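The values are calculated or read from the model by the stated rules, or taken from the named source; none is laboratory data. Note that this is a predicted model, so its numbers are computed, not measured. Note that each Cβ is placed from the backbone with ideal geometry, even for glycine, and that neighbours are counted across all protein chains shown.
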Amino acid sequence: MDMERIVGRLTEEFATKREYVENVITMLDEGATVPFISRYRKEMHGDMDVRSFSERYEYMKNLEARKDTVIASIEEQGAMTDELRAKIGEATLLTQVEDLYLPFKPKKKTRASIAKARGLEPLADLLLSKETKPAETLAADFLNDEVPDAAAALQGASDIIAERISENADVRSAVRDLTFETGTVSSVRSTEEETVYDNYYDFHTSPKKIQGHQCLAINRAEKEGALKVKLEVDDGRILDRIGRMTLPKKSAYREILEAAAEDSYDRLIKPSIERDIRSALTETAEDGAIHNFKLNLRALLMQAIVPGKVIMGLDPGFAHGCKIGIIDAESKVLTTDVVYLHQKDRMTNRIKQLCDKYKVDCIAIGNGTASRESEEAVAGLGVDYVIVSEAGASVYSVSKLAEQEFPDYDTNVRSAISIARRLQDPLAELVKIDPKSIGVGQYQHDINQKKLTEALDGVVEDCVNAVGVNVNTSSAALLEHISGLNATTAKNIVQYRTENGAFRSRKQLLKVPRLGAKAYEQCAGFLRVSGGDTILDNTGIHPESYEAAEKLLGMLGYTLDDVANERLGDFKERAKKFSVREITETCGAGKETMIDIGKELCKPGRDMRESMPAPVFKRGIMGIDDLEEGMVLDGTVRNVIDFGAFVDIGVHQDGLVHISEIANKFIKHPSEVLTIGQTVKVKIIKLDKVKKRISLSIKQAK
């Protein structure tokens, strides 16, 4: 593996110092996590996007490993040349490597290989040379039991020429580029049955212009048999290019060679290039969908918390009733119950009794089946309520984790508890659910599942570590996402605190079985100890920097007691009296580390999500029949997709804001302006009460 090449390319791509690239590679290879490097090694990476770097580094390692395999195979065949080795080394895409390897790749029996076995390769060479004898005369020298006549000989030679052309890396690259630049992706209806793909019954667009959601929709429709999809191109133009690249300008066998080139294109190159391009388009579309999914998931996980409140979770349902789960301010279950919509008065009275008895501050109602009817039952109680996405709650309720957490509760009641908890602390609850089940993306089942899972796991890891967790109250499911921990060490932490009482300091973590020095280094800064022996254990300051933190406090005339009691009001003013150099030299830490230490000292124990917009609570109710075109309403963004965003305006159906109605300026993607959980003002511009479709505009509401 050529690490020199990897370092050089990453340095160029990330427009950073070579030193930073080498540092991050070393740390990753030694087992350091992305969150740890990002947060606690800033001087070593220059504020780099370590997550993106890590993903790109992994791709490059895989690419270099494939190059090594290809080079070894070609060398084993005795066919390696300096020029070929250089081309393989310079390749930046896996497609380029595979194109170069194609002529040497072990193959099953082909028409060309059969012709070679019959001794016809010299005839192919003659046809491509400056020879002028009649083709039949040339062919006569190659007849045998398996090649009975000149026609068979010339056909075999043509098959060899066709395969040579198809294996020419420059030809494949040129055809691929021409097809991509000038071709047309088209789809037509292939069934008489009504489908949801009517937008694509007569669809035509350039490969370079097709949008990600269009590509994924077409792929799904084709798979379901609803559409026939083609990649059309001007074949004559491509054949002309192939001829100019591979055939002699003047030849006595021009007709034979052109026929071989046409066969090469039709039979070998075109189908392969079409697969390549459609695969590349799909991969690009998947990457876009995954990127969008990541943005939405991050916004969902980082929504504001609702701390210090008693919350009732209500999981609506007709057949099995509406399940109730009430949790206290510490997320512990106070009681559960089931009420029924067909007994509406009794249901309302029971909910009121429970609210009064347990002093419920707010109600979280799942947005699934019967949510509107459930909303009607609580709207007049005078208790704040909010509609919460219940996506994934049913998945969680039947999981092994739910069984371990709530062995004595019915699966239906577990989902009500989950709904209450996801309002109280979205991150802590949603990490228990497979991100793909949360419902904040598009075409998640059509995307490369391994790639999607890895990407979403990275988002969860980044979010959990960005917030940090209370080591004395967090579940094992949450702890296992902390840098340096895994399922085993997370369970061991929970077991240790159960057997020995609450942790008093971060150092106690070293007593947890299987949590060694390396894991402690990676996890300590992200675990908070509230009410412990030192206030520093309840901050994002890493234990390795405690000495630097205390020296900084001393320079500025503060004590740890001042930090604990939040008496650092003039911190910035005092810090300005010293130069950056004085602070870093006195405290023995770099500039970025000292900046982070200062921020943490000023807000010990604070949750960064407290400053985010709180959920919009309601007390009244509105249905789609109450809506009219032209109304301006407050809404909450529920999902951001390629062509717009779905917004909750307080009725059972979310409205769609098309990308063209989001902003008065051009935007490439809705995520440039909107995030999940964001409160927006919208205007109803089109309303279909029969089909229950609501079209909204943000820009017209301003």
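Taking region 517-535 only, how many residues are among the small types (Gly, Ala, Ser) and modelled with pLDDT of 95 or more?
Final tally of qualifying residues: 4.
Can you find a residue that is surrounded by fewer than 19 Cβ atoms within 10 Å (Cβ to Cβ), in contact with a Leu (Cβ under 7 Å, 6 or more places away or on another chain) and not in a helix (DSSP H, G or I) anywhere in region 311-331?
Yes; the residues of region 311-331 include at least one that is surrounded by fewer than 19 Cβ atoms within 10 Å (Cβ to Cβ), in contact with a Leu (Cβ under 7 Å, 6 or more places away or on another chain) and not in a helix (DSSP H, G or I).
If residue 248 satisfies every condition in (1) in contact with a Leu (Cβ under 8 Å, 6 or more places away or on another chain); (2) without any contact (Cβ under 8 Å) to a residue 24 or more places away in the chain; (3) not in a helix (DSSP H, G or I) but one, which is the exception?
Checking residue 248 against (1) in contact with a Leu (Cβ under 8 Å, 6 or more places away or on another chain); (2) without any contact (Cβ under 8 Å) to a residue 24 or more places away in the chain; (3) not in a helix (DSSP H, G or I), the one that fails is (2).
What are the residues in region 332-376 that are part of a loop (DSSP other than H, G, I, E, B) and either at pLDDT below 95 or under 27 Å from residue 648 (Cβ atoms) (or both), if any?
Listed by number, the residues that qualify are 332, 340, 360, 361, 367, 368, 369, 370.
Give just the number: which of (1) crowded, with 21+ Cβ neighbours inside 10 Å; (2) within 22 Å of the chain's Cα centre (by Cα) does residue 655 not satisfy?
Status for residue 655: all satisfied but (2).
Yes or no: residue 305 modelled with pLDDT of 95 or more and either under 36 Å from the mean Cα position of the chain (by Cα) or among the small types (Gly, Ala, Ser) (or both)?
Here the answer is no, as residue 305 does not meet what is asked.
I'd like to know if region 676-692 contains one or more residues that are part of a strand (DSSP E or B), polar (S, T, N, Q) and surrounded by 18 or more Cβ atoms within 10 Å (Cβ to Cβ).
Checked against the condition, which is being part of a strand (DSSP E or B), polar (S, T, N, Q) and surrounded by 18 or more Cβ atoms within 10 Å (Cβ to Cβ), region 676-692 yields no hits at all.
Please pick out the residue among 645, 663 that is in contact with a helix residue (DSSP H, G or I) (Cβ under 8 Å, 6 or more places away or on another chain) and in a strand (DSSP E or B).
Among 645, 663, only 645 is in contact with a helix residue (DSSP H, G or I) (Cβ under 8 Å, 6 or more places away or on another chain) and in a strand (DSSP E or B).
In the set 221, 174, 226, 169, which member is under 25 Å from residue 248 (Cβ atoms) and either at pLDDT 95 or above or outside the structural domain of residue 288 (by TED's automatic domain parsing) (or both)?
174
Name the residue that is surrounded by the fewest Cβ atoms within 10 Å (Cβ to Cβ), counting only residues in region 127-154 that are touching a residue at least 24 places away in the same chain (Cβ under 8 Å) and in a helix (DSSP H, G or I).
135
Picking from 68, 49, 82, 99, which residue would you name as being out of contact with any helix residue (DSSP H, G or I) (no Cβ under 9 Å at 6 or more places or on another chain) and either under 30 Å from residue 16 (Cβ atoms) or in contact (Cβ under 8 Å) with a residue 60 or more places away in the chain (or both)?
Within the list 68, 49, 82, 99, the selection yields 68.
So which of 462, 434 is surrounded by fewer than 18 Cβ atoms within 10 Å (Cβ to Cβ), in contact with a helix residue (DSSP H, G or I) (Cβ under 9 Å, 6 or more places away or on another chain) and under 19 Å from residue 301 (Cα atoms)?
Only one candidate passes the filter, namely 434.
For region 437-452, which residues satisfy the criterion of being touching a helix residue (DSSP H, G or I) at 6+ places or on another chain (Cβ under 6 Å) and of a type in the set (Gly, Ala, Ser)?
Across region 437-452, the qualifying residues are 437, 441.
Against the condition among the acidic types (Asp, Glu), over 20 Å from residue 171 (Cα atoms) and part of a helix (DSSP H, G or I), how does residue 222 come out, does it pass?
Taking the combined requirement at face value, the residue satisfies it.
Restricting to region 420-466, name every residue that is closer than 27 Å to residue 333 by Cβ and not in a helix (DSSP H, G or I).
Matches in region 420-466: 425, 431, 432, 433, 434, 438, 439, 440.
What helices (runs of 4 or more DSSP H) completely inside region 505-595 contain at least 1 residues that are touching a His at 6+ places or on another chain (Cβ under 9 Å)?
The qualifying helices (runs of 4 or more DSSP H) are 517-523.
Among the residues of region 613-636, is there at least one that is buried (at least 17 other Cβ atoms within 10 Å of the Cβ) and in a helix (DSSP H, G or I)?
The answer is yes; a qualifying residue exists.
Would you mind telling me which numbered condition in (1) of a type outside the set (S, T, N, Q); (2) over 25 Å from residue 610 (Cβ atoms); (3) touching a Leu at 6+ places or on another chain (Cβ under 7 Å) residue 365 fails?
Failed condition: (2).
Can you name the residue in region 377-402 that is surrounded by fewer than 20 Cβ atoms within 10 Å (Cβ to Cβ) and in a loop (DSSP other than H, G, I, E, B) and is also modelled with the highest pLDDT among such residues?
Per the stated criteria, the residue is 383.
Among the residues of region 45-77 satisfying the criterion of being under 23 Å from residue 594 (Cβ atoms) and surrounded by fewer than 18 Cβ atoms within 10 Å (Cβ to Cβ), which is farthest from the chain's Cα centre (by Cα)?
46
Any idea which of (1) farther than 14 Å from residue 375 by Cβ; (2) surrounded by fewer than 22 Cβ atoms within 10 Å (Cβ to Cβ) is the one residue 348 doesn't satisfy?
Of (1) farther than 14 Å from residue 375 by Cβ; (2) surrounded by fewer than 22 Cβ atoms within 10 Å (Cβ to Cβ), only one is false for residue 348: (1).
Return the residue satisfying two criteria in turn: it lies in region 78-88 and is of a type outside the set (Gly, Ala, Ser) and closer than 13 Å to residue 2 by Cβ, and of such residues it is farthest from the chain's Cα centre (by Cα).
85
Would you mention how many residues in region 264-310 are of a type in the set (Asp, Glu), surrounded by 15 or more Cβ atoms within 10 Å (Cβ to Cβ) and more than 22 Å from residue 242 (Cα to Cα)?
Summing the residues that are of a type in the set (Asp, Glu), surrounded by 15 or more Cβ atoms within 10 Å (Cβ to Cβ) and more than 22 Å from residue 242 (Cα to Cα) in region 264-310 gives 2.
Mind telling me which of the residues 185, 196, 171 ends up being assigned to a strand (DSSP E or B) and either within 21 Å of residue 260 (Cα to Cα) or of a type in the set (Val, Ile, Thr) (or both)?
185 is the lone residue from the list that is assigned to a strand (DSSP E or B) and either within 21 Å of residue 260 (Cα to Cα) or of a type in the set (Val, Ile, Thr) (or both).
Counting only residues that are outside any helix (DSSP H, G or I) and among the β-branched types (Val, Ile, Thr), which one in region 467-491 is surrounded by the fewest Cβ atoms within 10 Å (Cβ to Cβ)?
Out of the qualifying residues, it is 473.
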